[in-house]
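Visitor: So that we are looking at the same thing, I have put the structure below in structure tokens.
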Amino acid sequence: MLLSESGELILLWGIPLNKEMDDIKKKVEAERGVSVLVPEMRPHLLGSVIAKRLQKKRIKHVYITDNMLGILFYQHKIKEVLFFYKERGDHHWWGINGSLYVCLLAHMHDVPIQPLQGDTVIRAAEISLSLDDYMCFHYNDLIKAEDEAVPDEVIQ
Amino acid sequence: MDTPLAFPVRLQAENTIYVLDETKLPFEETYIEVKTLNDALKVLGQMKTRAFGQVLLFFYMCVLEGSVDDVTKAFQDTRPTFDFSLLADILKRRAKKTSTLKEAAESIIRGLDEQKRTRARRLAEILPRDAHILTICNVSGELIYLYEALKGIGKTATFFVSETRPYLQGTRLTFWELSRAHIPAHVLCDNQAAIVMKNGLINCVVTGSDRSTERGDIINKIGTYAIARLSRYFGIPLYVLIQFPSDIVVEAISIEERPAQEVFMWLDGKDPWPEALYPSFDITPSNFISGWIDILGEVRCS
């Protein structure tokens, strides 16, 4: 699919609970030409798991790598972010690795973020990146993936 | 310290170009023989080489074909975002001062490597004493030159390399070349750019650019725009290595969109994959850039 063909997008970040899937479907079907945007969600490639769940429910969706979000915000393709957080506390919303990246980009582009209670258990994707094992150099290392806190003011 | 990525394309034996297959790195270092324009277009279209490699391939292919215009059109059709017309102008201008196209191409290429080293030295002067540099994609060996230049003036550096999905140029090329040169580096998922900035791990960003305008807007690997916006948000300076800025409006440049199946090419898994988008570049407006260092080493700061 080309960018020009993609229509408006609802960005999904985090792991929706099963009960949320029907609401997502209603949202997408309420407006013509709208699709769910599913980023890859590295490092665990959770996007591939979510895409399968959307497929099962016949919810229209399109997949991207996480670093493609910038151009989609820049081109005003994303109308809303559904942020499935893990927990809330101390004026912060805790979500999966990359949550701060996504929410800050949405905030900077004035795209509304709807926080929704998401799944707290990460079920690893059945696929992996073919380099993940190979790139364990002795001298250098990888930045550890951890849950990230998003301040209230970014969500609002 | 050396890296094959600093000079990934070579002309040998008068009629054969050897192209480092960057899609095979870091697993193997192999070279593809290119003898015809069709060979070159195949290599280019399949992303076997890019960045400085495609500049070298363009110049050498003009030498093999003995013509500049046909090669320019074919290259431009294959990779629409990169400005091969500008390279053609440079080559034609130089050819007026030399007796053969080959002499012209070789003199430009010799100059480019020295210019890249000069540019690295100029950038090193600007960066912090203990530079913690976030970078994206791969700038064809220039980070190695930058590290040497920083060391030469008593500074230190640690690189934070964004993996640069889907082709993983950050992990496969930059992280690999820094690691084999024993230069301190960490690799991060593209979506960790915000958290490493927030946690104070980064004090500058350095990136290359595939195109730039005289106004200072750039087009570079997908993901650059997000990093630029985040670095501005966190007050971290972003410096861009630019080649030959052109007098053009950035929005007029066509953004290459590659086949969707390439989004999944480094994943161990089976079809069917979901429908996907793959814009391979993005635009970063000049107001999110702190400084530009051109190929002659000239520095311009916002």
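The values are calculated or read from the model by the stated rules, or taken from the named source; none is laboratory data. All values derive from a computational prediction rather than experimental measurement. In this analysis, Cβ positions are derived from the backbone assuming ideal geometry, glycine residues included, and neighbour counts consider all displayed protein chains. When the accessible area is computed, the model is the full protein with side chains, heavy atoms only, and any ligands, DNA or RNA have been set aside. Shrake-Rupley method; radii C 1.70, N 1.55, O 1.52, S 1.80 Å.
Visitor: Ignoring ligands, DNA and RNA, how much accessible area is buried between chains B and A, both sides summed, with a 1.4 Å probe, to the nearest 100 Å²?
Guide: Counting protein atoms only, the buried area is about 4700 Å².
Visitor: Rounded if a/c is under 1.5, else prolate if a/b beats b/c, else oblate: with a ≥ b ≥ c from the C-alpha gyration tensor eigenvalues square-rooted, which is the range A:1-63?
Guide: Here the range A:1-63 falls in the oblate category.
Visitor: Based on alpha-carbon positions alone, could you give the equivalent ellipsoid semi-axes of the protein assembly as shown from the gyration tensor, as √(5λ), descending, whole Å?
Guide: 38, 24, 20
Visitor: With +1 on each Lys and Arg Cβ and -1 on each Asp and Glu Cβ, and nothing else charged, work out how big the dipole of the range A:1-128 is about its Cα centre, in Debye to the nearest 20. Before the final figure, lay out the partial values.
Guide: On the way: 17 positive and 15 negative charges, 92 e Å.
Here the range A:1-128 has a charge dipole of around 440 debye.
Visitor: Relative to the Cα centre, what is the charge dipole magnitude of the protein assembly as shown, using +1 at the beta carbon of each Lys and Arg, -1 at the beta carbon of each Asp and Glu, and rounding to the nearest 20 debye? Before the final figure, lay out the partial values.
Guide: Working: 53 positive and 62 negative charges, 52 e Å.
The dipole magnitude comes to about 260 debye.
Visitor: Give me the net charge for the shell around B:THR16: Cβ to Cβ below 12 angstrom, other residues only, Lys and Arg +1, Asp and Glu -1.
Guide: Values: positive: B:ARG10, B:LYS35; negative: B:GLU14, B:GLU33, B:ASP39.
Counting the neighbours of B:THR16, the net charge comes to -1.
Visitor: For the range B:1-143, what size does the Cα cloud have along each of its three principal axes, sorted from largest down, in whole Å?
Guide: In descending order, the Cα extents are 48, 38, 29 Å.
Visitor: Could you tell me the center-to-center distance, by alpha carbons, between the range B:120-136 and the range B:47-116 in angstrom?
Guide: About 29 Å separates the Cα centre of the range B:120-136 from the one of the range B:47-116.
Visitor: Would you mind classifying the range B:111-261 by shape? Square roots of the alpha carbon gyration tensor eigenvalues, ordered a ≥ b ≥ c; an a/c under 1.5 is rounded, otherwise it is prolate if a/b is larger than b/c and oblate if not.
Guide: In terms of gyration-tensor shape, rounded.
Visitor: Compute, for the range B:213-296, the length of the dipole vector about the Cα centre, with Cβ point charges of +1 (Lys, Arg) and -1 (Asp, Glu) only. Units Debye, rounded to 20.
Guide: Approximately 340 debye in magnitude.
Visitor: Quick check: with the 1.4 Å probe, what order do B:ILE242, B:ILE255, A:ILE122 take by accessible area, largest first?
Guide: On the way: B:ILE242 10, B:ILE255 40, A:ILE122 60 Å².
The residues order as A:ILE122, B:ILE255, B:ILE242, largest area first.
Visitor: Could you derive backbone 3J(HN,Hα) for the range B:39-56 from the dihedral phi with the Karplus parameters 6.51, -1.76 and 1.60 (θ = phi - 60°), listing whole Hz in sequence and x where the residue is Gly or Pro?
Guide: Each residue of the range B:39-56 in turn: 4, 5, 5, 5, 4, 5, x, 8, 6, 5, 9, 7, 6, 5, x, 6, 5, 4 Hz.
Visitor: Assign one of three labels to the range A:25-91, namely rounded, prolate or oblate, based on the Cα gyration tensor with a ≥ b ≥ c the square roots of its eigenvalues; rounded applies when a/c is under 1.5, prolate when it is not and a/b is larger than b/c, and oblate otherwise.
Guide: The shape class here is rounded.
Visitor: Tell me the volume per residue, in Å³, of the convex hull enclosing the alpha carbons of chain B.
Guide: It is 136 Å³ per residue.
Visitor: Can you tell me the Rg and the Dmax, both Å, for the Cα atoms in the range B:138-220?
Guide: Gyration radius and largest Cα-Cα distance of the range B:138-220: 13.4, 37 Å.
Visitor: Quick one: of the DSSP bridges fully inside the protein assembly as shown, what percent are antiparallel, nearest 5?
Guide: Working: 28 of 70 bridges.
Roughly 40 percent of the beta bridges in the protein assembly as shown run antiparallel, per DSSP.
Visitor: Okay, moving on. Explain nothing, just compute: Karplus ³J(HN,Hα) = 6.51 cos²θ - 1.76 cosθ + 1.60, θ = phi - 60°, for every residue of the range A:76-90 in order, whole Hz, x for Gly and Pro.
Guide: So the J values, rounded to whole Hz, are 6, 7, 9, 9, 7, 10, 9, 9, 8, 8, 8, 7, 10, x, 6.
Visitor: Where does the charge balance sit around B:SER212 when Lys and Arg score +1, Asp and Glu -1, over other residues with C-beta under 15 Å from its C-beta?
Guide: Numbers: positive: B:ARG119, B:ARG211, B:ARG215, B:LYS221, B:ARG300; negative: B:ASP83, B:ASP210, B:GLU214, B:ASP217, B:ASP247, B:GLU251, B:ASP282, B:ASP294, B:GLU298.
That sum, taken over residues with Cβ under 15 Å, equals -4.
Visitor: More than 16 Å apart: what percent of Cα pairs in the range B:196-302 qualify?
Guide: Value for the range B:196-302 (Cα pairs over 16 Å): 62 percent.
Visitor: Same structure, new question: Against the longest alpha carbon principal axis of chain A, how many degrees, from 0 to 90 and to the nearest 10, is the axis of helix A:46-56 turned?
Guide: 40 degrees
Visitor: Going toward the positive end of the dipole of chain A, with +1 on Lys and Arg Cβ and -1 on Asp and Glu Cβ, which of A:VAL49, A:GLN114, A:THR65 do you reach last?
Guide: Sorting the options by dipole projection puts first A:VAL49.
Visitor: Which aspartates and glutamates have a Cα lying under 14 Å from the Cα of B:LYS35, excluding residues fewer than 8 positions away in the same chain?
Guide: B:GLU14, B:GLU65
Visitor: Roughly how many whole Å is it from the C-alpha centroid of the range B:198-212 to that of the range B:214-244?
Guide: After rounding, the separation between the Cα centres reads 7 Å.
Visitor: If you look at just the Cα atoms of chain A, how large are its Rg and its Dmax in Å?
Guide: Radius of gyration, then largest Cα-Cα span, for chain A: 15.6, 53 Å.
Visitor: Next question. Distance between Cα centroids, the range A:1-65 to the range B:263-302: provide it in whole Å.
Guide: Each part's Cα centre sits 23 Å from the other's.
Visitor: OK, next. Could you check which residue among B:TYR225, B:TYR60, B:TYR278 shows the biggest mean-square fluctuation in a GNM of chain B with a 10 Å Cα cutoff?
Guide: B:TYR278
Visitor: Using just the C-alpha positions of the range B:1-70 as equal point scatterers, what log10 of I(q)/I(0) does the Debye formula give at each q in 0.25, 0.28 1/Å?
Guide: Cα-only, vacuum Debye calculation for the range B:1-70: -1.14, -1.39.
Visitor: Can I ask one more? For the range B:187-241, what % of the accessible area comes from carbon and sulfur atoms, probe 1.4 Å?
Guide: Working: 600 of 1340 Å².
Whole-percent figure for carbon plus sulfur exposure: 45.
Visitor: Quick one: net charge around B:LYS116, please, counting Lys, Arg +1 and Asp, Glu -1 for every other residue with C-beta under 12 Å from its C-beta.
Guide: Summing Lys and Arg as +1 and Asp and Glu as -1 gives 0.
Visitor: For the pairs B:LYS24/B:LYS92; A:LYS56/A:LYS77; A:LYS19/B:LYS221; A:LYS26/A:LYS77; A:LYS52/B:LYS221; B:LYS24/B:LYS221, note any where the Cα-Cα span goes beyond 31 Å.
Guide: Values: B:LYS24/B:LYS92 34 Å; A:LYS56/A:LYS77 25 Å; A:LYS19/B:LYS221 38 Å; A:LYS26/A:LYS77 20 Å; A:LYS52/B:LYS221 28 Å; B:LYS24/B:LYS221 19 Å.
Distance filter (> 31 Å) returns B:LYS24/B:LYS92; A:LYS19/B:LYS221.
Visitor: Would you work out which of B:LEU146, B:THR49, B:VAL19 lies farthest towards the positive end of the dipole of the protein assembly as shown, given +1 charges on the beta-carbon of Lys and Arg and -1 on that of Asp and Glu, about the Cα centre?
Guide: My answer, from the dipole projection, is B:LEU146.
Visitor: List the lysines whose Cα lies under 26 Å from the Cα of B:LYS151, skipping any in the same chain that are fewer than 8 positions away.
Guide: Within reach: B:LYS116.
Visitor: Name the residue farthest towards the positive end of the dipole of the range B:60-141 from the options B:LEU123, B:THR100, B:ILE133, assuming +1 on Cβ of Lys and Arg, -1 on Cβ of Asp and Glu, about the Cα centre.
Guide: Working it through, the farthest residue towards the positive pole turns out to be B:LEU123.
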